[in-house]
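Shown below is the structure under consideration.
The values are calculated or read from the model by the stated rules, or taken from the named source; none is laboratory data. Owing to the predicted nature of the structure, the values given are computational and were not obtained by experimental measurement. In this analysis, Cβ positions are derived from the backbone assuming ideal geometry, glycine residues included, and neighbour counts consider all displayed protein chains.
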Amino acid sequence: MDFEYSARTRELLARLEAFMDEHVYPNETVFHSQVAEGDRWQPTAIVEELKAKARAQGLWNLFLPESKRGPGLTNLEYAPLCEVMGRVTWAPEVFNCSAPDTGNMEVLERYGTPAQQREWLEPLLAGKIRSCFSMTEPAVASSDATNIETLIARDGDEYVINGRKWWSSGASDPRCALFIVMGKTDPANPSRHRQQSMVLVPRGAPGLRVLRSLPVFGYDDAPHGHAEVLFENVRVPAANLLQNEGDGFAIAQGRLGPGRIHHCMRLIGLAERALEKMCRRSLTRVAFGKPIAAQTVTLERIAEARIMIDQSRLLTLKAAHMMDTVGNKAAAKEIAMIKVAAPLMACQVIDWAIQMHGAGGVSDDFGLAYAYAQARTLRLADGPDEVHRNQVGKLELARYS
């Protein structure tokens with residue numbers, strides 16, 4: 001494995017870092033101020049302004065591998081770019097590289113019909129609309145996706161959808177025009193993995209109701225948000241089915257692999273930013289007659305944070321390399337491993353950074369409390385730690401059976 005960055009990545013990385021320095025970091029306070037003004041769920045002017053700048057500079061849709069619709073970077077080439085974007089939680093949207101849109105665009109790119117791509121993928125790639133992915137349900141343990149109870153019933157030339165979803169990320173955003181909904185078209189199928197299908201549901205479909213926004217540790221993540229959504233006799237044309245009936249579980253797995261590694265890439269950037277804040281804080285704060293940086297416990301934590309971040313980065317690069325060379329299915333163990341390792345690492349590094357900032361660390365002044373909320377959530381999103389550990393364990397045991 002050769003993890004040296006390609007010439008294309010080095011060139012894009014230099015441009016991306018320059019853009020972050022000039023436009024993103026200086027506007028972090030502006031972003032939060034604009035969210036707090038008036039209706040929190042309206043798009044912020046600063047992000048829309050920066051989107052136009054990023055697109056004009058060719059820093060747009062960098063995430064799509066092997067695609068004619070973007071630069072066609074491999075997962076390994078995209079990894080350091082995604083890491084840099086992850087240093088600021090709202091920055092990925094500036095480059096049209098934010099979840100859940102990235103995963104939804106990949107789904108439409110891989111599984112959508114030409115008509116579905118014209119209607120939904122093209123405006124998503126252009127940043128004209130946003131989308132959400134509705135899979136998780138409040139009534140069942142959705143870590144086992146075969147538990148999902150939402151029904152998608154064929155009725156002539158339409159499908160009728162009935163069910164309740166939650167943690168539909170992006171549904172609270174008024175720009176969210178598309179819901180990709182997973183449910184059961186064949187609950188009696190003897191194969192539990194052939195019962196599910198996915199349909200494309202436009203926001204204005206009668207019977208679709210966004211019930212409430214769900215906060216994460218008290219943060220509402222406006223203007224993006226995560227919502228509980230009710231589907232009551234929602235009708236869509238049969239042409240809105242993705243692929244064939246029974247393909248929903250396979251599509252979900254195809255979607256979540258890249259989504260998981262993107263989350264890990266962004267978390268590494270978030271942890272790097274926390275370590276930087278921890279180091280700067282420790283050098284400028286004096287306690288008991290000497291800088292905090294001179295305390296042995298501080299040195300140990302900084303060293304351990306560096307080791308943990310680099311370990312997670314190397315694991316993530318290995319997973320990216322395998323996805324590129326042998327495919328997502330063959331890289332399943334490596335994807336599962338990083339999905340456990342990266343959030344745990346980020347939670348620990350951010351926690352140490354909070355501790356270094358004292359009472360200020362749990363406030364909103366340094367962005368660490370919000371960063372921790374994001375990192376802790378990713379121990380659940382796209383599959384909890386326990387599910388991924390089980391998968392790694394089974395795959396490891398299979399070598400000896």
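Looking at region 222-242, is at least one residue buried (at least 21 other Cβ atoms within 10 Å of the Cβ) and part of a helix (DSSP H, G or I)?
yes
A quick yes/no check of all residues on (1) assigned by TED's automatic domain parsing to the domain that holds Pro100; (2) more than 15 Å from Ala250 (Cα to Cα); (3) surrounded by fewer than 14 Cβ atoms within 10 Å (Cβ to Cβ); (4) not hydroxyl-bearing (Ser, Thr, Tyr):
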position: Ser142; (1), (2), (3), (4): no, yes, no, no
position: Thr150; (1), (2), (3), (4): no, yes, no, no
position: Arg154; (1), (2), (3), (4): no, yes, no, yes
position: Asp157; (1), (2), (3), (4): no, yes, yes, yes
position: Gly163; (1), (2), (3), (4): no, yes, no, yes
position: Arg175; (1), (2), (3), (4): no, yes, no, yes
position: Lys184; (1), (2), (3), (4): no, no, no, yes
position: Ser191; (1), (2), (3), (4): no, no, yes, no
position: Pro206; (1), (2), (3), (4): no, yes, yes, yes
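Of the conditions (1) closer than 21 Å to Ser169 by Cα; (2) assigned to a helix (DSSP H, G or I); (3) modelled with pLDDT of 95 or more, Gly254 clears all except one; give me its number.
(3)
Next question. Evaluate region 350-358: report whether one residue or more is touching a Ser or Thr at 6+ places or on another chain (Cβ under 8 Å), touching a residue at least 40 places away in the same chain (Cβ under 8 Å) and either within 28 Å of Phe95 (Cβ to Cβ) or not in a helix (DSSP H, G or I) (or both).
No, that holds for no residue.
Enumerate the pairs (first residue in region 98-120 and in contact (Cβ under 8 Å) with a residue 24 or more places away in the chain; second residue anywhere and surrounded by fewer than 23 Cβ atoms within 10 Å (Cβ to Cβ) and β-branched (Val, Ile, Thr)) with beta-carbon separation below 7 Å, excluding pairs fewer than 6 apart on the same chain, so at least 6 apart or on different chains.
Val107/Ile251; Tyr111/Ile251
For residues in region 252-303 being more than 20 Å from Gln355 (Cβ to Cβ) and of a type in the set (A, V, I, L, M), which is surrounded by the most Cβ atoms within 10 Å (Cβ to Cβ)?
The extreme case among them is Met265.
Still on this structure, please answer the following. Taking only region 20-78 into account, find how many residues are crowded, with 17+ Cβ neighbours inside 10 Å, among the β-branched types (Val, Ile, Thr) and in a helix (DSSP H, G or I).
4
Now for a separate question. Can you tell me which residue among Ala188, Ala153 is free of Cβ contacts under 8 Å to residues at least 24 places away in the same chain and within 23 Å of Asp247 (Cβ to Cβ)?
Ala188
Determine if region 307-329 includes at least one residue that is more than 17 Å from Tyr78 (Cβ to Cβ), outside the structural domain of Gly156 (by TED's automatic domain parsing) and modelled with pLDDT under 95.
yes
Could you look through region 1-20, keep only residues that are modelled with pLDDT under 90 and under 14 Å from Tyr78 (Cα atoms), and pick out the one that is farthest from the chain's Cα centre (by Cα)?
Out of the qualifying residues, it is Glu4.
Considering each of Val201, Val234, Val216, Val229 in turn, give the residue that is touching a residue at least 24 places away in the same chain (Cβ under 8 Å) and over 24 Å from the mean Cα position of the chain (by Cα).
Checking each option against the conditions leaves just Val234.
Next question. Only residues that are of a type outside the set (Val, Ile, Thr) and exposed (fewer than 15 other Cβ atoms within 10 Å of the Cβ): list them for region 361-379, please.
Ser363, Asp364, Asp365
Next question, about the same structure. Taking into account only those residues within region 129-154 that are of a type in the set (Gly, Ala, Ser), assigned to a loop (DSSP other than H, G, I, E, B) and in contact with a strand residue (DSSP E or B) (Cβ under 9 Å, 6 or more places away or on another chain), which is farthest from Gln195 (Cα to Cα)?
Looking at residues that are of a type in the set (Gly, Ala, Ser), assigned to a loop (DSSP other than H, G, I, E, B) and in contact with a strand residue (DSSP E or B) (Cβ under 9 Å, 6 or more places away or on another chain), I get Ala139.
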